[in-house]
Structures are given as C-alpha cells and as structure tokens.
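First comes the structure, then the notes that go with it.
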Amino acid sequence: MRVKTACLKHFLNGLVDEIAARGDWGEVADYIPELAKVDPAQFGVSVSLADGTQISAGASAERFSIQSISKVFTLACVLGRNGEQIWTRVGREPSGTRFDSILLLEQEKGRPRNPFINAGALVTTDALLAHRAPKDALSEVLAFLRAAAEDDDIHIDPAVAESEARTGFRNVALANYLKSYDNLHNPPELTLGTYFHQCAIEMTVEQLARAGRVIAQLPDAPQILSPEKARRLNALMMTCGHYDGSGDFAFRVGLPGKSGVGGGILVIAPGRASIAVWSPGLNLYGNSLMGTYAAERIARFTGWSVFG
Ligand code: GLU
C-alpha cells in the first residue's frame, strides 16, 4: 500500500500526542545503571520511505542506547565476513526464553538458539572478533552503521559500556558457559568487552531508520547488503527479534522487528519502509512498551504487513 507523506506526518504527530496523553510508559532497564537514569516519559519515531523521504515526530533527534538492535548489524557484518559458517555455532530458532536466559544453553550443550538472544549475540561478536583487536571489530560495526545511515555521526557511549561491564554478571556467566563448551574462541573478557561496547552504540531514531533501509532494501539504500542476506535478517527479526515476546510482536505488528533494552525498536516493511521507534520504558519481555504500541498503530495505519 502506498502511503501519502502528508497523511503519515499528520498521523505520527497525532501518535506522539496520544502516547503522551496515555502516560503509561513502562519501566526503564535498571540492571544497567546508566540506562536506569533515562527518563521513561519520552517517545520518538522516524520512518524512511521507499521514495527517499523521511518523516519523523517526537524526540526523533534524541540519542539513545541501541543495545540489542546492534545484534542485527553485527550479524550482517559476520555474514559478510564468514558467510554461512556462523550457523555451525548458533541456531536459527526462537528461544521462548528471556533475552539473558542460561536455561537452553545447558540443555543444548552450548549452542545458543539464535543470534539475537544474549548467548547467541556473544557468539556472533566472538566470530567478528576472530584474529583481531576489539577496536577493529567495533570499527567494522560502526562503519557498517555509518554507511547504511549515510551519517558519520554515530558513536559508542563509553559510560554505558562501562556501566554494563560493572553489572553484566549474567552475560559474564553466559560467556563462561559458552567457553566451557568451546563455543567462544576468544578469552571471555575480550568478547564481553566488545559486546558491551557494541550494545552501547547510541543513535537517534532518524539515524536508525536510515540504517534500516539496507535491511528493507529500499531503492535509495546504499548497496552494502545483498537481497539474500536482507531476507535472512528479516526472517530472524520476525521469529527471534523480541525474545519471548516475538510471537506477540509478529501477531500485533506483522512486520520483522528488533528491540533493545534501551527502548528502541527497528521495524522493517520490506521494500516499503524502515521504521525506528524509541521509548525507554519496557514491558515484561524487556521490549519497549510504547515503542511496541506505536509499531502496532503504524502498521495498522499504513496497512504494511508481511502477511498480505
Ligand atoms: N546489553 C544488553 C544485555 O546484554 C542487551 C539486551 C537487550 O538489549 O535486549 O543485557
């Protein structure tokens, strides 16, 4: 369905007002102290359309911690670097468990269910790190994001990375567990440090929506991701992008999406649009409460769905 730019702008402005009036923001992630400081009462949205226009509303120029949304771009880099090899170390099935769960890892002998839960993302980051320094692996992810967004002003917030390094005990446990099964090739502290910094990349929804154009394969997107890889990232975002809330997101929104505990969600309408929403308060699954609501309302307004 083609959406008129002016109508969408009007709709998004109304959505900002509606969300502010609801005043139901959810809880910010408090296990990372730097994220606990963020005011939950914020909402921003940006949509990059197939005709090259970008429409934004609310706190669209505010930088936030993209956290797990980075996992999509790290995976894109690893697929570009090592091709399909990564699938010998990590699966492609929804986990049905919390993002930081250790449960399945023991049952499935150290092979994480998918690259978007923390255990799987640690393996992907470990693969990106192979035979080089953390700063080079991180530079590759940043370079990919900057090229995708056509914006060099995308950086890591060191305070968030340090904050998570101080309190990320579950991730330390997951990394050590993976190492005990020989599914981490670097020293755990090296992979963890790289992972914490990758999660601490900060962006605005405007930058994120522009970066998502490569996954949506929009006509004006830089040619840095093959259509085949984009299809695969979309499939994983749809089935695994919201942890144990992935089925609910697919049901309500009908589009692939990836969330982060910073409150951002990247939503892809393949061939039509790349949508980024941000609201720092989370729901029970650790996904943005108002971000999910907004994605649902936008999908309904535009008629965009991968299910026809
Ligand atoms: N850095 C976060 C963690 O590892 C990412 C989780 C998320 O965004 O869902 O706990």
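Out of the chymotrypsin sites (Phe, Trp or Tyr not before Pro) in segment 116-192, which ones are loop residues according to DSSP with at most 15 other C-beta atoms within 10 Å? Intermediate values should be presented prior to the final figure.
On the way: sites: Phe116, Phe144, Phe169, Tyr177, Tyr181; in loops: Phe116, Tyr181.
Here the chymotrypsin sites (Phe, Trp or Tyr not before Pro) that fit, given the DSSP loop and packing criteria, are Tyr181.
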Open item on the list: At 1.4 Å probe size, with the rest of the protein present, what percent of the exposed accessible area of segment 16-63 is carbon and sulfur atoms?
Closed with: 47 percent
Task: Length released on extending from Leu284 to Arg81, taking residue separation times 0.36 nm less the Cα-Cα span - done: 69.5 nm
Task: 0 to 90° range, to nearest 10: angle between helix 289-302 axis and the chain longest Cα axis - done: 50 degrees
Open item on the list: Suppose every Lys and Arg Cβ carries +1 and every Asp and Glu Cβ carries -1, with no other charges. What dipole size does segment 1-105 come out with about its Cα centre, to the nearest 20 debye?
Closed with: 460 debye
TODO: Return the whole-Å distance between the Cα centroid of segment 166-221 and the Cα centroid of segment 243-308.
DONE: 20 Å
Open item on the list: Cross-link candidates for Lys109: which aspartates and glutamates have Cα within less than 13 Å, leaving aside residues fewer than 8 places away along the same chain?
Closed with: Asp182
Task: Spatially proximal aspartates and glutamates relative to Lys4 (Cα-Cα < 14 Å; intrachain offsets below 8 disregarded) - done: Asp51
TODO: Determine the alpha carbon to alpha carbon distance for each of Lys71/Lys135; Lys37/Lys135; Lys71/Lys179; Lys135/Lys179 and list only those over 24 Å.
DONE: Lys37/Lys135
Open item on the list: So if I take the centroid of the Cα atoms in segment 38-114 and the same for segment 1-31, what is the distance between those two points in Å?
Closed with: 21 Å
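The values are calculated or read from the model by the stated rules, or taken from the named source; none is laboratory data. This one's a predicted model, so the numbers in the text were calculated from it and none came from an experiment. Methodologically, a virtual Cβ is constructed for each residue, glycine included, from the backbone with ideal geometry; neighbour enumeration extends over all protein chains shown. For the accessible areas, the whole protein counts, side chains as well, though only heavy atoms, and no ligand, DNA or RNA atoms are used. Shrake-Rupley method; radii C 1.70, N 1.55, O 1.52, S 1.80 Å.
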